[in-house]
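Student: Here you go, one structure.
The values are calculated or read from the model by the stated rules, or taken from the named source; none is laboratory data. Predicted model only: the values in this text are computed from it and were never measured. Using ideal geometry, Cβ is built from the backbone for each residue, glycine included, and neighbour counts are taken over all protein chains shown. With ligands, DNA and RNA removed, areas are computed over all heavy atoms of the protein, side chains included. Shrake-Rupley method; radii C 1.70, N 1.55, O 1.52, S 1.80 Å.
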Amino acid sequence: MLLDIHAPKASEVLAAGELAVEHAMRSKQPHAVVLTWPEEAVVYGLYEAVRDNESTAIYRRITGGHKAYMAPGQAYIAVALPWRKSLEGLASIALGIASCAGGTYGVTVFGETGYIEVLGARSVEEARQCLLEALNVEKSVKMHVPRTSLQELATLFESQQWREYIYHRGDAEAERRREGGYWIRISIETTDGYVTGYWLTGVFFSAPPTEVYNVLNSLRGARFHELMLYNIELAIEKRIQFLGITSEDFMSAVRELYDAVGIRYYTR
């Protein structure tokens with residue numbers, strides 16, 4: 001089902017994608033939006049920190065992946081697919097849409113619902129056709145969505161804290177890189193043996209989208225000891241999917257940080 005949404009602002013365009021997810025989760029049916037992007041901007045993936053030299057409007061989406069350089073008149077595509085929980089499978093669909101219509105893609109999963117964003121498609125008409133072809137659908141039914149729902153979500157995408165996240169180097173830093181321009185960098189700050197801050201940046205895909213932050217947040221205010229390292233490793237293994245980088249990339253970076261600033265209660 002294609003949501004019928006009037007979204008004149010960039011923040012509302014991004015919010016419209018999340019509305020598609022909400023409707024798909026409730027109905028257990030696929031929902032999508034295809035909208036015209038209104039302004040020149042760079043749209044970062046969820047995990048990549050903003051660079052100092054950006055000279056245009058900055059936005060951030062909820063999916064990972066490479067940043068997209070947007071121009072007015074290009075199209076934004078978002079599609080929510082219930083029961084599609086594999087990042088690899090979602091990326092295959094997203095790549096098909098982006099290869100057909102143009103643009104940069106991002107993928108993640110909310111609960112039982114897969115989510116795809118494609119930014120920078122050549123035109124709305126071409127984007128709609130490519131979307132239908134990629135999903136093997138002949139036509140779509142439009143459903144009207146109240147603007148009040150859209151405006152509430154849009155305020156989150158307008159927040160400076162959300163849009164302009166900046167990375168800092170702490171007392172220790174670790175980085176891992178993969179082919180295709182995918183990478184992750186994590187830094188950690190400690191005071192008297194306690195973790196007082198962490199920062200993450202990179203280009204990759206992850207699901208659930210913010211779970212990597214939840215896992216790293218478990219370090220804040222605690223001593224970084226062997227049990228904490230084990231708990232992080234268990235959480236990564238059981239709770240998070242990665243694509244672009246691997247779970248081992250993430251964990252090896254965390255282990256490097258532990259080797260640099262962690263506390264050892266036991267010796268072998």
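Student: Please express the Cα-Cα pair-distance distribution P(r) of segment 172-261 as a list of whole percents, one per 10 Å bin, running from 0 to the bin with the greatest distance.
Tutor: Values per bin, smallest distances first: 17, 55, 25, 2.
Student: Here's another thing I want to ask about it. Over the chain, what relative contact order in percent results from Cα pairs under 8 Å that are six or more residues apart?
Tutor: Here the relative contact order equals 19 percent.
Student: If you count only protein heavy atoms with a 1.4 Å probe, what accessible area per residue comes out for the chain, rounded to a whole Å²?
Tutor: Using a 1.4 Å probe on heavy atoms only, each residue of the chain averages 47 Å².
Student: Measure nothing fancy, just the Cα-based angle from helix 147-158's long axis to the longest principal axis of the chain, in degrees from 0 to 90, nearest 10.
Tutor: It is inclined by approximately 40 degrees.
Student: Quick one: divide the alpha-carbon radius of gyration of segment 2-158 by 2.2 N^0.38 Å and tell me what you get.
Tutor: Output field value: 0.94.
Student: Most mobile of V195, V21, V109 per a Gaussian network model of the chain (Cα springs, under 10 Å)?
Tutor: V195
Student: What is the Rg over Rh value, at two decimals, for the chain, using alpha-carbon atoms and the Kirkwood definition of Rh?
Tutor: Rg/Rh for the chain comes to 1.01.
Student: Any chance you could give the angle, 0 to 90 degrees and rounded to 10, that helix 247-261 forms with the longest Cα principal axis of the chain?
Tutor: The helix 247-261 is inclined about 30 degrees to the chain.
Student: Which net charge results when you count Lys and Arg as +1 and Asp and Glu as -1 among the other residues whose beta-carbon is under 14 Å from that of M25?
Tutor: +1
Student: Computing the accessible area with a 1.4 Å probe over protein heavy atoms, can you report the carbon and sulfur percentage for the chain?
Tutor: In the chain, the share of accessible area belonging to carbon and sulfur is 49 percent.
Student: Further question: In square angstrom, rounded to the nearest 10, how much accessible surface does D192 have for a 1.4 Å probe?
Tutor: Using a 1.4 Å probe on the heavy atoms, I get roughly 130 Å².
Student: Calculate how steeply helix 226-239 sits against the longest principal axis of the alpha-carbon atoms of the chain, using the helix alpha-carbon long axis, and give the answer as 0 to 90 degrees to the nearest 10.
Tutor: That works out to roughly 20 degrees.
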